[in-house]
1. Quick test of your reading of the structure: T163 fulfils all but one of (1) at pLDDT below 90; (2) surrounded by 11 or more Cβ atoms within 10 Å (Cβ to Cβ); (3) of a type outside the set (D, E, K, R). Name the failing condition by number.
2. Which condition breaks for W208 when tested against (1) within 30 Å of P115 (Cβ to Cβ); (2) touching a residue at least 60 places away in the same chain (Cβ under 8 Å)?
3. Are any of the residues in region 142-150 within 18 Å of S11 (Cβ to Cβ) and of a type in the set (A, V, I, L, M)?
4. Working only within region 39-66, note down all residues that are in contact with a strand residue (DSSP E or B) (Cβ under 7 Å, 6 or more places away or on another chain) and under 20 Å from E81 (Cα atoms).
5. Just to verify a result, which residue in region 47-101, among those that are outside any strand (DSSP E or B) and among the polar types (S, T, N, Q), is farthest from the chain's Cα centre (by Cα)?
6. Mind counting the residues in region 18-46 that are among the β-branched types (V, I, T), in contact with a helix residue (DSSP H, G or I) (Cβ under 9 Å, 6 or more places away or on another chain) and not in a strand (DSSP E or B)?
7. Quick one: which of A122, A148 is touching a Pro at 6+ places or on another chain (Cβ under 6 Å) and surrounded by fewer than 18 Cβ atoms within 10 Å (Cβ to Cβ)?
8. Within region 184-222, track down each residue that is under 27 Å from the mean Cα position of the chain (by Cα), in a helix (DSSP H, G or I) and loosely packed, with under 12 Cβ neighbours inside 10 Å.
Amino acid sequence: MPRALWSGSLSFGLVNVPVQLVSAVRDLDLHFHQLHEKDRVPIEMQRWCSEEDKEVPYEAVTRSYETGNGEQVIVTDEDLEAVEPRKTRTIDIERFVEVEDIDPIYFDHPYWLVPAGDDEGAARAYRLLLGVMEKSDRAALGRFVMRAKEHLAIVRARDGALTLTTMRFHDEVRATKDVASASGKSTKPSKKELDAAVDLIEALGADWDPGKHDDEYRKRLQKVVNKKRKGQKIEQPEERGEPDAVPDLMAALEQSLKDARKKAKA
């Protein structure tokens, strides 16, 4: 079982459910060490003063915040401690919401919420909350503190257990007006193009199956490592040119639709 990252209780009304938080995902990326190419020894990172040209011990390091006009504001450990959220061991549920009402862009990191300890009463309270959430098909929205940071979180029932997903606050999500988008009458597609695009989407439609989507880059990288370990040569793939600009959108849609239908039949 993965290591518990946080333990406390989930509170709604006068009900407290002892729980532990474990990550619902695992890091499968290949991680590399940095070595000096000449003698293959690890590279050490040092804190260096650019003014005095010497190493700075950790206890002599402070931090600053740069304002919009370039001014440096020194912020000490004591300053940060003064605004840290009150450390509690409780996930305080504020309200229950419909999951469909939440835009996925607000989801951050997923965790499993599991019963804490072997206490029968704690397990019964956990099963009660799980059963209620499964029956009501709602999610619990609340807050908790982990690693000196307050998190907004959503708690849901999934596969006979509770999950907790930390959430982004509303002002962390960029508004569409802040990003470039196509607009204007000249960029609007014709009805024929729209209908062809809808047909293409229907042809490419399928049920969601996470098992069909692997990390192909990680697989290729693992093969490189295995070959290097065996002393084999790594063949460089042929460079692919940049895709051509679409000269005829309608022709491209029609050809894509033919290819998709042919693939579906195969």
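1. For T163, the failing item is (1).
2. In the conditions (1) within 30 Å of P115 (Cβ to Cβ); (2) touching a residue at least 60 places away in the same chain (Cβ under 8 Å), W208 misses (2) alone.
3. yes
4. T62, R63, S64, Y65, E66 - these are the residues of region 39-66 that are in contact with a strand residue (DSSP E or B) (Cβ under 7 Å, 6 or more places away or on another chain) and under 20 Å from E81 (Cα atoms).
5. Going through the qualifying residues, I end up with S50.
6. Qualifying residue count for the region: 0.
7. A122
8. I201, P210, G211, K212, E216, Y217, K219, R220
The values are calculated or read from the model by the stated rules, or taken from the named source; none is laboratory data. Remember, predicted model here, so these are calculated numbers, not experimental data. Here Cβ is always computed from backbone atoms with ideal geometry, including for glycine, and neighbour counts include all displayed protein chains.
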